[in-house]
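Structure first, commentary second.
The values are calculated or read from the model by the stated rules, or taken from the named source; none is laboratory data. Quantities reported herein were computed from a predicted structural model and do not represent experimental measurements. Virtual Cβ from ideal backbone geometry, glycine too; neighbours counted across all protein chains shown. Surface areas here come from the heavy atoms of the whole protein model, side chains and all, with no ligands, DNA or RNA. Shrake-Rupley method; radii C 1.70, N 1.55, O 1.52, S 1.80 Å.
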Amino acid sequence: MTGSPRNDRLIRALKREPVDCTPVWIMRQAGRYLPEYRASRERAGDFLTLCKTPELACEVTMQPLARFDLDAAILFSDILTIPDAMGLGLSLHEGEGPRFARPINSKADVDSLGVPDPEDDLGYVLEAVRVIRHELADRVPLIGFSGSPWTLATYMVEGRSTRDFAKIKNMIYREAPAAQKLLGLLSQSVGLYLKAQARAGAQVLMVFDTWGGVLGHAEYREFSLDPMAQVLSELQSDPIASKVPTIVFTKGGGQWLPQIASIGCDAIGCDWTTSLAQARLAVKDQVALQGNLDPAILYASPERIRSAVAEVLADFGSGPGHVFNLGHGVTPGVNPDHVKVLVDAVHELSVISP
Ligand code: 1CP
């Protein structure tokens, strides 16, 4: 699995090397807004079967690439595979999101957890990476991913999606040793998991810290950033994984960009509340930036989508190191034709004259 992708715009942009035009991929590019995804899920029976059957995971990974001129594929999976492998009993409920049968309620629950072995406990993910790499035949790079330790901890302690994060915040403020131990276990688990994805053939690795932005300034460093730094140092100690570019995305983390840049990632994902021009100044062009169109723009007219793309490109400005993306995942009600407008607009409007 050493072949370089023929379309290497994404890899080049992540390394801040020149590109012919700005690379683009879209968070949740395979998902419910695509009728062919809904058909595959229907045939599989449920979402987890899609994730756990490498051929089906490959099928849905490839669906957006058949429609759009995307510069990357992203492994079809979910961040909750790790807590599932830890034995928490994951299920997904239509319209409600994920739920765990055995959430973490106490220090004793934390003490009972082990670190999953990627080959033994998450072998289906690694097999999906291998099957997808074969199917891609080096057309575009494959992005592997994990949730951040903090974001995984929120789901494991809350047991489901939440608005107020009451249980996990109770734990960090009232049972800090339990929270610290949980985050330590998750840092190790995520490090091993991403390293295994790189060894299986993932060519870029992304850490989704979807809920880092709900923490206070000091708590962000302790409970989200430091664990992510540990994950990255695990990757840096591996001869294969250390060569794979990394992207860290803390949603709502625009005020912490210099701190995120300092943990050794190659790129930072930005949501749409941050100006890319200001983000570049904040990180002093030390890392690449990914983002950051408001996903809701996809509900607008094609003309408005094109002008919004032009605004994001202009906000980033000239020079290397931009990967175009939405500031968060594409939502289920979006018209796929509008995604095509976006992808084509990024390539057309970003062509750099020789
Ligand atoms: O078919 C369905 O109804 C399931 C919906 C769905 C899908 C399509 C879930 C359940 N997960 C996924 C795929 C998924 N999840 C991908 C696929 C690759 C791609 O981008 O195309 C990825 C990268 C994720 C990552 C993920 N899962 C995150 C981090 C990114 C983000 O969007 O913030 C999070 C927070 C999850 C948890 C999760 N899994 C599923 C849902 C609906 C959720 C979110 C629940 C919540 O809002 O709390």
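Quick rundown of the values:
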{"item": "Cα lying deepest toward the dipole's positive end in the range 9-350, options Leu126, Ser233, Trp272, charges on Cβ", "result": "Trp272"}
{"item": "Kirkwood hydrodynamic radius over Cα pairs of the range 90-150, then Stokes diffusion coefficient at 25 °C and 0.890 mPa s, in µm²/s", "result": "164 µm²/s"}
{"item": "His134, His338, ranked by accessible area, largest first (probe 1.4 Å)", "result": "His134, His338"}
{"item": "Once exposed loop GluC sites (Glu not before Pro) are cut out (DSSP; at most 14 other Cβ, 10 Å), longest piece of the chain", "result": "97-354"}
{"item": "Eligible lysines near Lys52 by straight Cα distance, threshold 22 Å, same-chain separation 8 or greater", "result": "Lys195"}
{"item": "The range 9-350 - accessible surface per residue (Å², probe 1.4 Å)", "result": "38 Å²"}
{"item": "Centre separation in Å (Cα based) which lies between the range 36-50 and the range 236-267", "result": "32 Å"}
{"item": "Percent carbon-and-sulfur accessible area, the range 9-350, ignoring ligands, DNA and RNA, probe 1.4 Å", "result": "50 percent"}
{"item": "The chain - mean residue ellipticity at 222 nm from DSSP helices (-39,500 (n - 2.57) per run, n ≥ 4, rounded to 500)", "result": "-13500 deg cm²/dmol"}
{"item": "For Gly321, net neighbour charge (Lys/Arg +1, Asp/Glu -1) across residues whose Cβ lies under 9 Å away", "result": "+1"}
{"item": "Rounded, prolate or oblate (a/c below 1.5 giving rounded, otherwise prolate when a/b exceeds b/c) for the range 161-282 by Cα gyration tensor", "result": "oblate"}
{"item": "Part-to-part distance (alpha-carbon centres) for the range 190-211 and the range 107-141, which is given in Å", "result": "9 Å"}
